[in-house]
Amino acid sequence: MNKSRWKSIREQAGKILARKLVLFGLILVLLWVLLALLAPWIAPYGPNEIRTEDKLQSPNLSHWFGTDNFGRDILSRILYGARVTVWTGIVSIGIACSVGIPLGAIAGFFGGKLGNVIMRVMDTLLAFPSLILAMALAASIGPGLTGALLAVGIVAIPEFARLMYGQTVVIKEKEFIEAGRALGVRNKAILFKHVLPNAFAPLIVQITLALGSAVLTTSSLSFIGLGVRPPTAEWGAMISYGRGYIISGEWWMTVFPGIAIASTIFGFILLGDGLRDAFDPHGRNSKTKFK
């Protein structure tokens, strides 16, 4: 990558981070990633350490977020749950990108019957509500972390395929692509060296927003018993465990995991919206086109 390209990226990064809400979103996301990585060293107790004498304790100096019905420390389980929830979101979106982006690029670049078949399949998947489709896939694959990963990843594939398809259809008609074809550049080189780099900006925005959706979907699957299996610490499962104790006053079992989910999703949304505004050449705060 030449110096001018690096300079353009640095300038764009500076504009993005200059927005306070974007910076706040980035801090939230990085904070949860850091807490997930450091969970074994900073968690005061083991995630599945049962202390029957401490069960259903409200937040106190020994258990900052209280304990659950088995005496397990809520704070420790939230920290370890971040490893599961955040990791699941990242891996599932990685699956969606690795499948959806190539399919969209192939359909948009080559078109024809192959392109029509690919996009009709994507349209069929998009016709179903994402959570309902994820539930059906997770139920058919079987409860567990692997099922949740695959379900969330498959559900997100059409979003990336549609986005990449639209970008490819527009980019392949540009003059520099026609010039490359006239010079005899191979289609593979055009796709990887010209089409994909020029579709980078909207893809990054979609990935950021999709990560927030993946966290929510993963937690929802665990909440209804189709995600990770007990006793693994996971935010959605923790809320499911604690919902039966809300009436009796043990609010901390659901409130703190709920705050963890909400703050993570909020961080991804702020970051994604900021990236979208920065990369949009027609946005109100953007004056240069990111190419």
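Per-residue surface analysis assigns Met122 an accessible area of about 10 Å², computed on protein heavy atoms at 1.4 Å probe radius. Across the range 76-167, the convex hull enclosing all Cα atoms gives 91 Å³ per residue.
If we count every other residue with Cβ under 13 angstrom of Ile50's Cβ, Lys/Arg +1 and Asp/Glu -1, where does the sum land? Intermediate values should be presented prior to the final figure.
Working: positive: Arg51, Lys55, Arg72, Arg77; negative: Glu49, Glu53, Asp54, Asp68, Asp73.
With Lys, Arg at +1 and Asp, Glu at -1, the neighbours total -1.
Placing Ile247, Ile204 in order of accessible area, with the largest value first and a 1.4 Å probe, yields Ile247, Ile204.
On full extension of the chain, what length is gained from Val117 through Thr52, given 0.36 nm per residue of separation minus the C-alpha to C-alpha distance? Don't skip to the answer; put the middle values down first.
Numbers: separation 65, 0.36 × 65 = 23.40 nm, distance 5.76 nm.
In short, 17.6 nm is gained.
Between Ala127 and Trp64, the simple label model (points 7 Å from Cα in the Cβ direction) yields a spacing of 5.0 nm.
In terms of overall dimensions, the range 109-245 has a Cα radius of gyration and Dmax of 19.5, 70 angstrom. Counted residue by residue at 0.36 nm each, then reduced by the alpha carbon distance between them, the extension gain from Ser248 to Lys193 reaches 13.7 nm. Residues of the range 78-114 falling in the label zone of Ser140, defined by backbone nitrogen less than 13 Å from a point 7 Å along Cα to beta-carbon, are absent. Reducing the range 194-223 and the range 106-159 to their Cα centroids gives an inter-centroid distance of 14 Å.
The values are calculated or read from the model by the stated rules, or taken from the named source; none is laboratory data. Quick caveat: nothing in here was measured; it's all calculated off a predicted structure. Backbone-built Cβ (ideal geometry, glycine too); neighbour counts: all protein chains shown. Side chains included, ligands, DNA and RNA excluded: accessible areas come from the protein's heavy atoms. Shrake-Rupley method; radii C 1.70, N 1.55, O 1.52, S 1.80 Å.
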